[in-house]
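Reading through the structure tokens given below for one structure.
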Amino acid sequence: MAKRIRRLARVAVKPLMTIWPMTERGIDVIERADHWAESRIPYPAGADITDVLLGGVRCERTMPREAATAGLAGGAVLYLHGGAFLFGGPSTHRGVCALLAKTAGVPVYSVEYRQLPAGPVSASVADAVSAYTALLESVADPSRIIVGGDSAGGYLAMKVAEIAALRSIRGPAAVIGYSPLLDLVLGKNDPGYFRRDAYLPTRPLEKLRERWLDGPAMIEGAQSPVDADPALFPPVFLSAAEYELLRPGVEVMTQRLHDAGVPVETHLWVGQVHAFPAVGPRLPEAREIVRLSVEFARRAVAGRPEEDDEGRCA
């Protein structure tokens, strides 16, 4: 199954993304196609999904069939979808959110944050933080909130944790990032990663980067999580494909967290594609990486210092 996904990405997705014009018209076509596709994506069988608002931001809440009785019980997962801040939404990520809800035994809130052309990255960050702060007020045990995401959503998950620390509000117990975008500049990466990535081309991303940062509002905190103070982050779980565009950023982040004494667990997977837990949630490898990330989150919650009602450590 993984081989079929990788072959399809190389033959169809990457060539199309490489030639697609990132102009106003090109982005408009993507937006309209994205909306058309999202309205036709079915709900996972047996999934209990409802629309909710968190801080004025629309989210899809996926409830588990069997609630956790220990570990993450009383908590929740806030999930930020990927899509280069341009496409995708809660509907495209129902599969991975349903898998997370089933594995963790807690509700998963998938955030429909603003994307291009509605707003740049600063708007996406603002919506993610608004949803998170509202979830703090509505979940039974706010000390057991996990924030996760894939690709661009992994960037937002890290920003939520960083901004919570900068604002001195209760931060998430852990962050989960599946192939997260951790460096908006894309750094000085080995060209081999660019060539062998199954579907992420570099040229369109370089053009998009200008639009990501084009707005009246600055991004709060560091522009890229790899440049933030690593001590601001809670325990972090990261995964990436062996050959993908974003692997170098994942490795840099891993090293910085480790050097700062922050618990971090990182997995590199052979034969997979970028953000494979979200791309193919039925993959055995996707189910395994979700299981490992949830186990990591449970350990993070168990090892977290006791906090008072305002989120301050005793």
- Environment charge at Thr254 (Cβ cut-off 11 Å; Lys +1, Arg +1, Asp -1, Glu -1): -1
- Query: For Leu156, Leu135, Leu53, what's the fewest-to-most ordering of other Cβ within 10 Å of each Cβ?
  - Reply: Leu53, Leu135, Leu156
- Query: Taking only the alpha-carbon positions of the range 53-191 and ignoring solvent, what does the Debye formula give for the base-10 log of I(q)/I(0) at q = 0.11, 0.16, 0.19, 0.20 Å⁻¹?
  - Reply: -0.36, -0.75, -1.05, -1.16
- Residues meeting the amide H criterion for Leu78 (H placed from the backbone, H to H distance under 5 Å, 5 or more places apart or on another chain) are Tyr109, Ile146, Val147, Gly148
- Note on the structure: Candidate cut points under GluC sites (Glu not before Pro) in the range 56-161, DSSP loop plus at most 16 other Cβ atoms within 10 Å of their own Cβ, are Glu66
- Charged-residue dipole, Cβ positions (Lys, Arg, Asp, Glu), the range 68-180 about Cα centre, Debye nearest 20: 60 debye
- Mean projection area, nm², convex hull over Cα of the chain: 14.8 nm²
- Note on the structure: Percent antiparallel among DSSP beta bridges confined to the chain, nearest 5, equals 35 percent
- Can you pull the percent of Cα pairs in the range 211-314 with separation above 18 Å? 61 percent
- Query: Among residues other than Pro21 whose Cβ falls under 13 Å from its Cβ, what is the net charge (Lys/Arg +1, Asp/Glu -1)?
  - Reply: +2
- Once you charge only the Cβ atoms, +1 for Lys and Arg and -1 for Asp and Glu, what is the size of the charge dipole of the chain about its Cα centre, to the nearest 20 debye? 1240 debye
- With a 10 Å radius around each residue's Cβ, average the other Cβ atoms per peptide and rank 26-33, 179-186, 160-167, highest first. 179-186, 160-167, 26-33
- Protection proxy (average C-beta count within 10 Å per residue), highest first, orders 85-93, 204-212, 222-230 as 85-93, 222-230, 204-212
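All of the numbers you see were taken from the coordinates with simple rules; none came from a lab. Remember, predicted model here, so these are calculated numbers, not experimental data. When we count neighbours, we look across all protein chains shown, and the Cβ atoms used for this are built from the backbone with ideal geometry, even at glycine.
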